[in-house]
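Peer 1: Below is one structure. I have some questions about it.
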Amino acid sequence: MNKILSAKNLNIYYKKGLLSKNKKYIIKNFNFEIGNNQLIGLTGESGKGKTTLGKTLLGLHRYYEGEIYWRNDLLNNKTIRNLRTKYTWLGQESFLLFNPNKRIICILKETLKVIYKDKYTNKDMNELLKAQCLLFKLEPILLDRYPFELSAGQIQRFALIRNFLVKPDFIVLDEPISSLDPYNSKIFLDILEEYFNENILSILFISHKKTLLKNITDNIIEL
């Protein structure tokens with residue numbers, strides 16, 4: 001198996017105060033690896049550190065001991081800068097990812113401009129985003145709405161579009177359907193499965209629902 005991300009002897013902690021040297025460990029002696037195009041589930045009770053672990057693997061939580069490797073490169077302050085477009089994160093509160101004062105189409109175009117600079121004309125971006133809407137079972141007219149005008153299911157799918165526009169190699173999904181009703185949950189999972197089957201992508205899917213993970217993942221890690 002070609003490893004895309006791995007961790008060795010990982011100890012994750014929080015500092016008990018800003019200047020304190022005291023550490024509160026939430027995960028100890030954790031080892032992990034995920035290969036290309038693999039979908040792994042992560043589960044455990046609340047407070048076990050599932051979200052913090054996901055953030056640590058992406059370099060978003062810096063308080064840890066041990067080693068994290070992106071392919072064969074040790075993750076550190078220097079190497080992480082070159083990996084920002086290689087991985088993404090999607091949680092359950094996607095409304096927080098969208099500026100409430102901007103229309104959805106403007107937010108998604110900003111993502112395209114940051115990642116691809118001048119590769120796309122305005123017309124190209126309009127056509128691309130409309131096509132993405134159809135793939136994600138969203139009416140293109142929704143692009144002209146503000147985030148607060150969308151339902152939870154719609155905003156979560158737009159968040160997924162925003163992540164996939166980056167074309168990441170690895171994505172952490174942290175309880176992505178926990179706030180959705182069964183109908184929108186099924187749509188989200190169907191879209192995710194279709195995208196996963198047609199693209200080279202590795203996923204760490206965090207959920208407290210072990211039964212769900214058994215149905216959609218290759219392997220499950222329980223904290």
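What follows is calculated from the coordinates using simple rules that are stated; it is not laboratory data. No experiment lies behind these values; they were computed from the predicted model shown. Glycine gets a Cβ as well: all are built from the backbone with ideal geometry, and neighbour counts include every protein chain shown.
Peer 1: Give me Lys24, Lys123, Lys50 ranked fewest to most by other Cβ atoms within 10 Å of their Cβ, as a rough exposure proxy.
Peer 2: Lys123, Lys24, Lys50
Peer 1: Just want the answer: with Cβ charges of +1 for Lys and Arg and -1 for Asp and Glu, which residue in Thr52, Asn37, Ser185 is farthest toward the dipole's positive end in segment 3-222?
Peer 2: Thr52
Peer 1: Between His208 and Phe148, with labels modelled 7 Å along Cα→Cβ, what's the label distance in nm to one decimal, could you check?
Peer 2: That separation, rounded to one decimal, is 2.9 nm.
Peer 1: Nearest 5 percent is fine: what portion of the DSSP beta bridges confined to segment 3-222 is antiparallel?
Peer 2: Approximately 50 percent, going by the DSSP bridge assignments.
Peer 1: Among Thr85, Thr51, what is the fewest-to-most ranking by other Cβ atoms within 10 Å?
Peer 2: Exposure proxy ranking, most exposed first: Thr85, Thr51.
Peer 1: Another question about this same structure. Mind giving me the nanometre distance, one decimal, between the label points for Asn22 and Asp124, set 7 Å out from Cα along Cα→Cβ?
Peer 2: Taking the simple label geometry, Asn22 and Asp124 are separated by 5.6 nm.
Peer 1: Binning at 5 angstrom from zero up to the longest distance, how are the C-alpha pair distances of segment 1-116 distributed in percent?
Peer 2: Whole-percent P(r) values from 0 Å outward: 2, 9, 16, 19, 18, 15, 11, 7, 2, 0.
Peer 1: Farthest toward the dipole's positive end in the chain, which of Phe158, Tyr69, Val172, given Cβ charges of +1 (Lys, Arg) and -1 (Asp, Glu) about the Cα centre?
Peer 2: Tyr69
Peer 1: For Lys102, which lysines qualify as cross-link partners when the Cα separation must be under 21 Å and same-chain residues fewer than eight apart are set aside?
Peer 2: Lys113, Lys117, Lys123, Lys130
Peer 1: Nearest 20 debye, what's the magnitude of the dipole of the chain about its Cα centre given +1 on Lys and Arg Cβ and -1 on Asp and Glu Cβ?
Peer 2: In total the dipole reaches around 1000 debye.
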